[in-house]
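The block underneath contains the structure these notes are about, expressed in structure tokens.
The values are calculated or read from the model by the stated rules, or taken from the named source; none is laboratory data. In this text, all values refer to a predicted model and were calculated from it rather than measured experimentally. Counting neighbours? That spans all protein chains shown, and the Cβs are built from the backbone with ideal geometry, glycine included.
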């Protein structure tokens, strides 16, 4: 009888294990071939992912400079030396000339005063020199199409360890050769720690990976955009603290 109970208990355990949900494990692109990674990037391109267009004030700056130039042009015809030149012939005539031209001198001055207000609003536009850029947003793709690399960082560190760099070797090769104009490097964390801290840490780690791809892999910097989303987009939604949520994701844009 005890043997039967033991056998029954074992069979129930195996049955429960068979129906238990399998934990979501992120596909590590460092274990894929170059052909497989390239195929994933091509699938991502067909989804129409695009980088948020930066909104800058270049148009406003150029408009301001043209207005400023216009205001200078208005001011240049009023030259004090042009009004003073008639007083040069001789000393006796100069005294009478000054009194005669005094009303004439006031007329251009009044003209300048009337045109000055039109140029005054333009002075505030050229001061806008810092570009205003819209922060790119993260658009999740299907898990099967994601290119994730499980890069291990030391605790509370964003420095890319030497033993982790080989994981990016194949990815480097593909990114150099594939027909993709811009890649987005997305840093992810698990839910340990505060959300604001994780967002900052994930951005720093994404920027570190970008720096490596530029300096060591020879990828043009303008082809890479690093962002950090922290814990907001876990790969394993059932366990936000799972290891596979700590990853660096690569997206092909445009």
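Below is a table of values for the structure above.
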| quantity | calculated |
| --- | --- |
| Single unsatisfied condition, residue 179 versus (1) closer than 19 Å to residue 42 by Cβ; (2) part of a helix (DSSP H, G or I); (3) in contact with a helix residue (DSSP H, G or I) (Cβ under 9 Å, 6 or more places away or on another chain) | (2) |
| The one condition in (1) surrounded by 13 or more Cβ atoms within 10 Å (Cβ to Cβ); (2) within 26 Å of residue 36 (Cβ to Cβ) that residue 166 fails to fulfil | (1) |
| Residues of region 200-243 satisfying the condition of being in contact with a strand residue (DSSP E or B) (Cβ under 9 Å, 6 or more places away or on another chain) and over 18 Å from residue 157 (Cα atoms) | 213, 214, 219, 222, 223, 224, 225, 232, 233, 234, 235 |
| Flag for residue 248 being touching a residue at least 60 places away in the same chain (Cβ under 8 Å) and either closer than 18 Å to residue 40 by Cα or not assigned by TED's automatic domain parsing to the domain that holds residue 143 (or both) | yes |
| Tally of residues being over 20 Å from the mean Cα position of the chain (by Cα) and in contact (Cβ under 8 Å) with a residue 60 or more places away in the chain across region 206-242 | 6 |
| Sole exception among (1) modelled with pLDDT of 95 or more; (2) surrounded by fewer than 18 Cβ atoms within 10 Å (Cβ to Cβ); (3) within 15 Å of residue 149 (Cα to Cα) for residue 243, by number | (1) |
